[in-house]
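Q: I have a structure I would like to understand better, so I am pasting it below and will then ask my questions one at a time.
The values are calculated or read from the model by the stated rules, or taken from the named source; none is laboratory data. On a predicted model such as this, the values are computed, not experimentally measured, just so you know. All Cβ positions, glycine included, derive from the backbone under ideal geometry; neighbour counts span all protein chains shown. Ligands, DNA and RNA are excluded from the accessible area calculation, which covers all protein heavy atoms including side chains. Shrake-Rupley method; radii C 1.70, N 1.55, O 1.52, S 1.80 Å.
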Amino acid sequence: MVLFSTQKPVESKNQISMKIKDYRTHFIQELSPIYDSAEAESFFYLILEEKHQLKRIDLALDPDLTFSMDEIQNWDSIVEQLKKEIPIQYLLGKTSFYGLDFEVNADVLIPRPETEELVEWIIGDCFVPMAIGTRNDKKLKILDIGTGSGCIAIALAKNISNAQVFAIDISEKALATAQKNAEINGVNVTFIQKNILEVVSLSAVEGLNHKFDIIVSNPPYVRELEKQEIKKNVLDNEPHLALFVEDSDALIFYRKIAQLAQKNLFQNGQLFFEINQYLGKETVDLLEKMNFKNIELRKDIYGNDRMMKAEGR
């Protein structure tokens, strides 16, 4: 339902309307102490489209479109939440990742563009021409460890037609969100609740008693000492369980997942990680000591060490 009026503003004791273009100016001004004007304006149009099915072009074509007083009150409530630096994605309850729609909430991390680059790398590798009879010609078994919203697993399932995708997370609430996202995007992913640090062998986990062609993970990797670098909207709102590791053992998840991959990857199977930008060398060293081969470290769009690939033996 479209929640706006194309009628001329009506003013009475009970009803006052305001031109949307005028509220846009007010919206940006209210948020300017926290966000720059371009970001505030982008928020405005995201909300306008989600709440009123209106785009920038609609406002340009009809500058007399108005908000009712009830609508203004709803917008004012959103402004107050944005002032508290609650992420816009949580306020809208959704975001986009790799061209797909995902529901997000406080139980899951908001997917990042850098993670899209990791997904792109995996998909690209899966479509590299290979000799007949090699891995590309059979059903690929893919495991995503620490799936959160399900963004990696679902994007891979959506874009790799011969993939059978499994995903693990410690959080029951995160998995409920991930399952809903799989349904939204029309893919089949097997979700399993497990604390990966407690798993001795993937083969011992019900539903995972086989080897994998690809294991991928974007595990917690932000050290406590790096908290001061994290934006307030992330620190105050996104789940710390999915973000932080102890300074004393920052590679705990990478070591554990690599150990499991040693036993549960096919020969020449691939291990993909998103990593802490400050620990690229340390993560490479870890995999080298564990006898992985063809280790490749890549930078993200911002020039930071962010993802790596290694092959099992």
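Q: Just checking, does region 72-81 include any residue being in a loop (DSSP other than H, G, I, E, B) and either over 19 Å from Glu30 (Cβ atoms) or without any contact (Cβ under 8 Å) to a residue 40 or more places away in the chain (or both)?
A: no
Quick grid of which residues meet (1) open to solvent by less than 60 Å² (accessible area, probe 1.4 Å); (2) of a type in the set (Asp, Glu):
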{"site": "Phe44", "(1), (2)": "yes, no"}
{"site": "Gln53", "(1), (2)": "no, no"}
{"site": "Ala60", "(1), (2)": "no, no"}
{"site": "Asp70", "(1), (2)": "no, yes"}
{"site": "Val79", "(1), (2)": "yes, no"}
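Q: Any idea which of (1) modelled with pLDDT of 95 or more; (2) surrounded by 23 or more Cβ atoms within 10 Å (Cβ to Cβ) is the one Leu202 doesn't satisfy?
A: (1)
Q: Next question. Counting residues that are modelled with pLDDT of 95 or more and crowded, with 19+ Cβ neighbours inside 10 Å, which strands (runs of 3 or more DSSP E) fully inside region 230-313 reach at least 1?
A: In region 230-313, the matching strands (runs of 3 or more DSSP E) lie at 265-274, 305-311.
Q: Then there is this: Could you grab the pairs with beta carbons closer than 9 Å, sequence gap of 6+ or different chains, first residue in region 269-284 and among the basic types (Lys, Arg), second one not in a helix (DSSP H, G or I)?
A: Lys281/Leu297; Lys281/Asp305
Q: Quick one: which residue in Ile215, Ile192 is part of a strand (DSSP E or B) and open to solvent by 10 Å² or more (accessible area, probe 1.4 Å)?
A: Sole residue among the options that is part of a strand (DSSP E or B) and open to solvent by 10 Å² or more (accessible area, probe 1.4 Å): Ile192.
Q: Among Ala176, Ala153, Ala167, which is in contact with a Gly (Cβ under 9 Å, 6 or more places away or on another chain) and either among the small types (Gly, Ala, Ser) or part of a loop (DSSP other than H, G, I, E, B) (or both)? Break it down stepwise before answering.
A: Details: Ala176 fails: in contact with a Gly (Cβ under 9 Å, 6 or more places away or on another chain); Ala153 fails: in contact with a Gly (Cβ under 9 Å, 6 or more places away or on another chain).
Unique residue meeting the criteria: Ala167.
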